[in-house]
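Below is one structure, written out as structure tokens; the observations come after it.
The values are calculated or read from the model by the stated rules, or taken from the named source; none is laboratory data. Because the structure is predicted, anything quoted here is derived from the model rather than measured. Virtual Cβ from ideal backbone geometry, glycine too; neighbours counted across all protein chains shown. Heavy atoms of the whole protein, side chains included, go into the accessibility calculation; ligands, DNA and RNA do not. Shrake-Rupley method; radii C 1.70, N 1.55, O 1.52, S 1.80 Å.
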Amino acid sequence: MRCVKNLFVLYTGGTIGMLQTAEGLAPAGGFEARMREQLKGRDAISLAWRFAELQPLLDSANMTQTNWLAMRDAIVSAVEQGRHDGVLVLHGTDTLAYSAAALSFLLLGLDVPVVLTGSMQPMDAPGSDACGNLHGALATLQAGVPEGVWLYFNGELMHGARVTKLRSEAFDAFAVLPRERHGERAESLPAALDYRHPRQSVNLAVLPLFPGLRAEHLRALLGSGVQALLLECYGSGTGPSDNEELLAALREAHARGVVLAAISQCPQGHVAFDIYAAGSRLRDAGLVSGGGMTREAALGKLFSLLGSGLAPSEVERLFTLDLCGERVYG
Ligand code: ASP
């Protein structure tokens, strides 16, 4: 637990700092002055902060892996060169849970807390949740947050690799849903997963299974050069396992080194392949279980593992272990 005294604030865009334009709300710079102005009416925050804007400012709907890596670089240099002992990232809510998850895996080993926040309404809107979220996040960092990546929203501090955006309009937009919590913790982390290890972009795709999915749909995606495919299976990890052509497409992709990962599409589900033959056949075709991980966590984890240059078999092994509380928690 660290009481932060010298904070780095990284503003990436998002509704919190948006202004109205002819096309609708859009990211706007100069947020630090507006933020200081709004905080004047609240209880004093005594920690010191340095503010930086990550260019280009984004509606987080435009977030890419490159932007995740730029966030990671800015955070690491603030901690290592700027000697900051805590980080607050201001971010749009649409992909906030994805960035929180990606950063959870990109910053493994960093010994300062990183808290992300944003808001459902712009800071300047009457009755906005922006100032409450901002002030709450600052006060929480000042009072002490364990190291790791967190999301502060609507009065709650949530684990960065477990959180999901559930609501598109309400202020309590984010939650950690109860899911099956099992898996083995990684005994130690390979050097390739340390936050200092360089990462690169990866070709990843996510596909929800649905009645009517054809082998040719799957083949088109698997033939697009993806290094990993995250399949959102039904219930406890089942899928159209009577479709021999579809299973063959999975087997062939796996044999040429594509990582095939599975999560449940049930918001409170988890993968347990052995329960049904329709699950164990998918496992036999090469799928590895993401247990009860969220889509955001599984995607961020695959990105971090593959982006660090690990071989597919090592990616599969580490994917099934708990690295930062994404699988085993309580
Ligand atoms: N589209 C906005 C964004 O994600 C939504 C928000 O911030 O609430 O940047």
request  = Return one whole number: the accessible area per residue of the range 188-330 in Å², for a 1.4 Å probe.
outcome  = 40 Å²
key: Projected-area mean, the range 222-271, by convex hull of Cα positions, square nanometres   = 3.6 nm²
request  = Do me a favour and compute the ellipsoid semi-axes for the chain from its Cα gyration tensor, root of five times each eigenvalue, largest one first, whole Å.
outcome  = 37, 21, 18
inquiry  = Between the range 289-305 and the range 210-288, what is the separation of their alpha carbon centroids in Å?
reply    = 15 Å
Karplus (6.51, -1.76, 1.60) ³J(HN,Hα), θ = phi - 60°, over the range 149-162, in Hz, Gly and Pro reported as x = 10, 9, 10, 9, 7, 6, x, 10, 9, 10, 5, x, 9, 10
remark   = Row for the range 1-147, column shape: gyration tensor on C-alpha, a ≥ b ≥ c, rounded if a/c < 1.5 i.e. under 1.5, prolate if a/b over b/c, else oblate; value oblate
inquiry  = Checking the a/c ratio against 1.5 first, then a/b against b/c, what shape does the Cα gyration tensor give for the range 265-311?
reply    = oblate
message = Give me, ordered by chain and number, the residues 5 or more places off residue 206 or on other chains with an amide H under 5 Å from its own placed amide H.
response = 230
key: Candidate lysines for bridging to residue 5, where Cα separation is under 29 Å - those fewer than 8 sequence places away on the same chain excluded   = 40
query = Is the range 232-330 rounded, prolate or oblate when judged by the Cα gyration tensor, a ≥ b ≥ c being the square roots of its eigenvalues, rounded requiring a/c under 1.5 and prolate requiring a/b larger than b/c?
reply = oblate
query = Using modelled amide H (1.01 Å from N, peptide plane; none on Pro or chain starts), what sits under 5 Å from the amide H of residue 150, excluding residues fewer than 5 places away?
reply = 114, 115, 116, 160
message = Leaving out ligands, DNA and RNA, and with a 1.4 Å probe, what % of the accessible surface on the range 112-186 is carbon or sulfur?
response = 47 percent
Angle between the chain longest axis and helix 295-307 axis [Cα atoms, degrees, rounded to 10] = 80 degrees
message = Over the Cα atoms of the range 120-263, each weighted equally, I'd like the Debye log10 I(q)/I(0) at q = 0.14 Å⁻¹, rounded to two decimals.
response = -0.97
remark   = Summing -39500 (n - 2.57) over every DSSP H run of at least 4 residues in the chain and dividing by its residue count gives a helix-only mean residue ellipticity at 222 nm, to the nearest 500 deg cm²/dmol, of -9000 deg cm²/dmol
ask   = Cα centroid distance between the range 84-116 and the range 135-163, in Å?
value = 10 Å
query = What percent does the relative contact order of the chain come to when contacts are Cα pairs within less than 8 Å and at least six residues apart?
reply = 17 percent
ask   = Applying 1/(1 + (r/R0)^6) with R0 = 51 Å to the Cβ-Cβ distance of residue 40 and residue 194, what FRET efficiency is obtained, to the nearest 0.05?
value = 0.80
query = Between residue 320 and residue 181, what is the label-to-label distance in nm when each label sits 7 Å out along the Cα-to-Cβ direction?
reply = 2.2 nm
key: Simple spin-label estimate for residue 201 and residue 248 in nanometres, 7 Å along Cα-Cβ   = 3.5 nm
ask   = Contour minus end-to-end for residue 224 and residue 156, with contour as 0.36 nm per residue of separation and end-to-end as the Cα-Cα distance?
value = 20.5 nm
inquiry  = Percent of Cα-Cα pairs more than 12 Å apart in the range 73-118, please.
reply    = 61 percent
Residue 280 paired with residue 167, simple spin-label distance in nm, labels 7 Å along Cα-to-beta-carbon = 4.3 nm
ask   = Using the Karplus equation 6.51 cos²θ - 1.76 cosθ + 1.60 (θ = phi - 60°), what ³J(HN,Hα) coupling, rounded to whole Hz, does each residue of the range 92-101 give in order, writing x for Gly and Pro?
value = x, 7, 4, 10, 4, 5, 5, 5, 4, 5
note = By accessible area (1.4 Å), largest first, 301, 165, 5 order as 5, 165, 301
task = Sequence neighbours fewer than 8 away in the same chain don't count; with that in mind, list the aspartates and glutamates whose C-alpha is under 15 Å from residue 165.
result = 94, 156, 296
